[in-house]
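One structure is given below, encoded as structure tokens.
The values are calculated or read from the model by the stated rules, or taken from the named source; none is laboratory data. What you see is a predicted model, and the numbers here were worked out from it, not measured in a lab. Backbone-built Cβ (ideal geometry, glycine too); neighbour counts: all protein chains shown.
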């Protein structure tokens with residue numbers, strides 16, 4: 001397949017229906033370009049989502065994934081390739097060079113530090129991998145026609161060796177949260193039922209041992225001991241062992257925690273809006289300390305104030321904002337004290353909904369960011385530079 005306006009989005013670490021790739025970037029681009037997303041899924045599949053062709057290769061480990069994804073990519077002759085992870089960047093650059101087309105490198109995370117954090121083994125092994133990946137990323141990303149980042153720290157890092165760097169934040173699409181949602185099915189109904197008698201604290205995201213979820217459970221338990229009637233709810237997926245451990249924790253919480261699993265992207269608003277407080281607590285260590293989690297903006301879009309660790313990017317955006325409870329004490333008792341004093345009852349939480357929603361609408365919608373993406377595409381494809 002050959003097209004002058006075809007753009008391939010490829011990743012060997014993201015699924016084709018990834019929030020940023022499909023629901024933000026590609027939905028914004030599809031009116032002007034033909035788009036295909038190739039990523040990794042549980043089974044090999046080819047389907048059309050939101051009028052965009054998506055191809056999922058069966059996850060067989062990152063080396064096998066790279067081979068399978070590039071085999072799919074070679075069936076097409078696009079005008080540009082848009083790459084979403086470091087592992088496949090080398091092969092994608094070779095592919096772009098052979099076709100004499102430009103390449104965009106989209107940096108979702110500080111990838112070398114993330115690998116160091118998640119990689120099992122000794123500190124020495126982790127540090128070697130981190131250093132090797134950092135060198136490889138610097139060497140390869142120099143050759144990209146443009147680099148897209150998500151936070152200021154990454155923008156500063158890549159700007160040292162590539163002059164074409166643009167920061168595009170992961171804010172939610174306004175249209176997804178425009179009106180009060182009525183979908184969500186049984187999951188939204190369960191949360192609504194819980195909210196009749198208790199304050200619902202909710203987390204939507206990865207179920208991972210690195211995400212401070214056990215601190216979430218401890219905080220909910222501490223609040224209930226103080227007479228603050230509440231329940232913690234989690235939505236999301238993760239590694240099998242992490243999910244199993246978390247489900248066991250919820251079962252042993254005597255009804256104070258409930259894991260409701262993964263939900264479709266379009267059902268997020270209808271589920272979140274039934275809760276009262278969003279939870280977004282990451283450990284204040286590298287690489288999480290430069291994070292700007294998508295979920296906090298989704299909470300705001302649904303009228304939820306949120307509690308968060310005192311991370312630089314969050315503090316910079318939300319300092320003294322009443323919808324954000326930012327804390328430095330990472331112990332359950334201290335966090336429980338702050339939540340109880342800041343959000344003592346339903347009446348105050350209901351009053352907070354308007355302020356949270358207005359914060360989102362005025363400052364943090366994807367529509368404020370997507371023009372940057374269009375500018376990049378127009379500039380590169382107009383110049384035709386590879």
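Here's the yes/no breakdown for (1) surrounded by fewer than 19 Cβ atoms within 10 Å (Cβ to Cβ); (2) on the phi < 0 side of the Ramachandran plot; (3) touching a residue at least 40 places away in the same chain (Cβ under 8 Å):
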position	(1), (2), (3)
40	no, yes, no
43	yes, yes, no
53	yes, yes, no
82	no, yes, yes
86	no, yes, yes
92	no, yes, yes
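There is at least one residue in the stretch 3-11 that is more than 18 Å from residue 380 (Cβ to Cβ) and in the same structural domain as residue 379 (by TED's automatic domain parsing). Checked against (1) modelled with pLDDT under 95; (2) in the same structural domain as residue 23 (by TED's automatic domain parsing); (3) closer than 24 Å to residue 363 by Cβ, residue 149 passes all but a single condition, namely (1). For the stretch 222-256, a residue qualifies if it is in contact with a helix residue (DSSP H, G or I) (Cβ under 7 Å, 6 or more places away or on another chain) and more than 30 Å from residue 41 (Cβ to Cβ), and the qualifying residues are 222, 223, 226, 228, 230, 231, 253, 256.
Any residue at all in the stretch 142-161 that is farther than 21 Å from residue 292 by Cα, touching a strand residue (DSSP E or B) at 6+ places or on another chain (Cβ under 8 Å) and surrounded by fewer than 17 Cβ atoms within 10 Å (Cβ to Cβ)? Yes: the stretch 142-161 contains one or more residues that are farther than 21 Å from residue 292 by Cα, touching a strand residue (DSSP E or B) at 6+ places or on another chain (Cβ under 8 Å) and surrounded by fewer than 17 Cβ atoms within 10 Å (Cβ to Cβ). Strands (runs of 3 or more DSSP E) wholly in the stretch 191-267 with at least 3 residues that are touching a residue at least 60 places away in the same chain (Cβ under 8 Å), under 30 Å from residue 22 (Cβ atoms) and under 22 Å from the mean Cα position of the chain (by Cα) - which ones? Strands (runs of 3 or more DSSP E) meeting the threshold: 199-204. Out of curiosity, is residue 114 surrounded by fewer than 21 Cβ atoms within 10 Å (Cβ to Cβ), in contact (Cβ under 8 Å) with a residue 40 or more places away in the chain and under 24 Å from residue 39 (Cβ atoms)? Criteria met by residue 114.
Take the stretch 97-123 and flag every residue that is modelled with pLDDT of 95 or more and under 27 Å from the mean Cα position of the chain (by Cα). Walk me through how you get there before you give the answer.
Within the stretch 97-123, the subset modelled with pLDDT of 95 or more is 97-107.
Of everything in the stretch 97-123, those that are modelled with pLDDT of 95 or more and under 27 Å from the mean Cα position of the chain (by Cα) turn out to be 102, 103, 104, 105, 106, 107.
The set of residues from the stretch 214-261 being closer than 13 Å to residue 203 by Cα and exposed (fewer than 15 other Cβ atoms within 10 Å of the Cβ) comprises 214, 237, 261. When every residue of the stretch 134-142 is checked against the conditions, at least one turns out to be closer than 24 Å to residue 9 by Cβ and assigned to a loop (DSSP other than H, G, I, E, B). Residue count for the stretch 55-80 satisfying the condition of being closer than 22 Å to residue 135 by Cβ and crowded, with 19+ Cβ neighbours inside 10 Å: 1.
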